[in-house]
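Participant: This structure is in structure tokens; I'll ask about it shortly.
Read the figures in this text as sums done on the coordinates, not as results from a lab. Remember, predicted model here, so these are calculated numbers, not experimental data. All Cβ positions, even for glycine, are placed from backbone atoms using ideal geometry, and neighbour counts span all protein chains on display.
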Amino acid sequence: DAGVTQSPTHLIKTRGQQVTLRCSPKSGHDTVSWYQQALGQGPQFIFQYYEEEERQRGNFPDRFSGHQFPNYSSELNVNALLLGDSALYLCASSRGWDRVYGYTFGSGTRLTVV
Amino acid sequence: GDSVTQMEGPVTLSEEAFLTINCTYTATGYPSLFWYVQYPGEGLQLLLKATKADDKGSNKGFEATYRKETTSFHLEKGSVQVSDSAVYFCALSEGDSNYQLIWGAGTKLIIKP
């Protein structure tokens, strides 16, 4: 049973560029949450998608946007990249009624902005 | 706002030593509390959780008790192994309509043979 798959695993972007990160949830899961983990810190909640809509959003600017597809996979888009966006981006999937109790995390995408 | 504070690492212990990683929280209501573990190159894994005061979560020899009076959720293990080396995160979630986890900064644990 495949877990959460994130792609790519690593990427390097230049300031001002745009990036798209992808997440395929665990089989049977319909909800995807995105977190940003800066080096040496705990994850910070970006947003959660359920039934193809953003259900809740953390304290992140509008440069961060997302999408969920009918197959429950999700994308995280970041526009106008800043050096401070360099971080590990984590995707967690769950079943809608489990809220945070049934999270399964992917291994993350390491984004470096230069 | 809600927050989680963990003891700073790294924590370095010898194999078979007793482990305590402190975690305290600030919350306006009655949060659920979690410990996650992150092994190198792997995703975060739920280690244990507690959803109400005085609950004890346990898994793989690790335990933590939800102490509302001291707003704490300290992680303990009686005898650590080299394979327990990882980063440990304490987290909370509050409210039936809250879908996010609020995390501590993590504590790196190093176990020496």
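Participant: Among (1) in contact (Cβ under 8 Å) with a residue 40 or more places away in the chain; (2) under 12 Å from the mean Cα position of the chain (by Cα); (3) more than 21 Å from A:SER94 (Cβ to Cβ), which single condition is B:TYR66 missing?
Facilitator: It fails just one condition, (1).
Participant: Residue under question is A:ALA80, and the condition is that it be part of a strand (DSSP E or B) and among the small types (Gly, Ala, Ser); does it hold?
Facilitator: Working: part of a strand (DSSP E or B): no; among the small types (Gly, Ala, Ser): yes.
Considered against the rule, which asks whether it is part of a strand (DSSP E or B) and among the small types (Gly, Ala, Ser), A:ALA80 comes out as no.
Participant: Right, another one. Inspect segment B:74-82 for any residue being touching a residue at least 24 places away in the same chain (Cβ under 8 Å) and under 21 Å from A:LEU39 (Cα atoms) and give the result as yes or no. Let's see the steps before the verdict.
Facilitator: The first filter runs over segment B:74-82 and keeps only residues touching a residue at least 24 places away in the same chain (Cβ under 8 Å), leaving B:74-82.
Subset that is under 21 Å from A:LEU39 (Cα atoms): none.
No - not one qualifying residue is present in segment B:74-82.
Listed here are the residues, each with its yes/no results for (1) surrounded by fewer than 18 Cβ atoms within 10 Å (Cβ to Cβ); (2) under 13 Å from A:PRO25 (Cβ atoms); (3) within 11 Å of chain B (Cβ to nearest Cβ).
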position: A:PRO61; (1), (2), (3): yes, no, no
position: A:ALA80; (1), (2), (3): yes, no, no
position: A:CYS91; (1), (2), (3): no, yes, yes
position: A:GLY96; (1), (2), (3): yes, yes, yes
position: A:TYR101; (1), (2), (3): yes, no, yes
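Participant: Related question: I'd like the full set of residues that are within 11 Å of chain A (Cβ to nearest Cβ), over 18 Å from A:TYR89 (Cβ atoms) and either of a type in the set (Phe, Trp, Tyr) or part of a loop (DSSP other than H, G, I, E, B) (or both), limited to segment B:36-54.
Facilitator: If the condition is that a residue be within 11 Å of chain A (Cβ to nearest Cβ), over 18 Å from A:TYR89 (Cβ atoms) and either of a type in the set (Phe, Trp, Tyr) or part of a loop (DSSP other than H, G, I, E, B) (or both), then B:TYR39, B:THR51 are the ones that fit.
Participant: I've got another one for you. For segment B:25-35, name all the residues that are away from chain A (no Cβ under 14 Å) and part of a strand (DSSP E or B).
Facilitator: B:THR26
Participant: Of all residues in segment A:8-46, count the ones that are away from chain B (no Cβ under 14 Å) and under 30 Å from B:THR5 (Cβ atoms).
Facilitator: From segment A:8-46, those away from chain B (no Cβ under 14 Å) are A:8, A:11-22, A:27-28; that's our starting set.
Going one step further and asking which of them are under 30 Å from B:THR5 (Cβ atoms), we end up with A:21.
The qualifying residues number 1.
Participant: Turning to a different aspect of this structure: Looking at segment A:54-76 only, could you name the residues that are in contact with a helix residue (DSSP H, G or I) (Cβ under 9 Å, 6 or more places away or on another chain) and on the phi > 0 side of the Ramachandran plot?
Facilitator: None - no residue of segment A:54-76 is in contact with a helix residue (DSSP H, G or I) (Cβ under 9 Å, 6 or more places away or on another chain) and on the phi > 0 side of the Ramachandran plot, so the list stays empty.
Participant: Where in segment A:1-65 are the strands (runs of 3 or more DSSP E), entirely inside, with at least 1 residues that are farther than 22 Å from B:GLN45 by Cβ? I'd like the intermediate steps shown before the answer.
Facilitator: On the way: elements: A:5-7, A:10-13, A:19-24, A:31-37, A:44-50, A:53-57.
Output list reads A:10-13, A:19-24, A:44-50, A:53-57.
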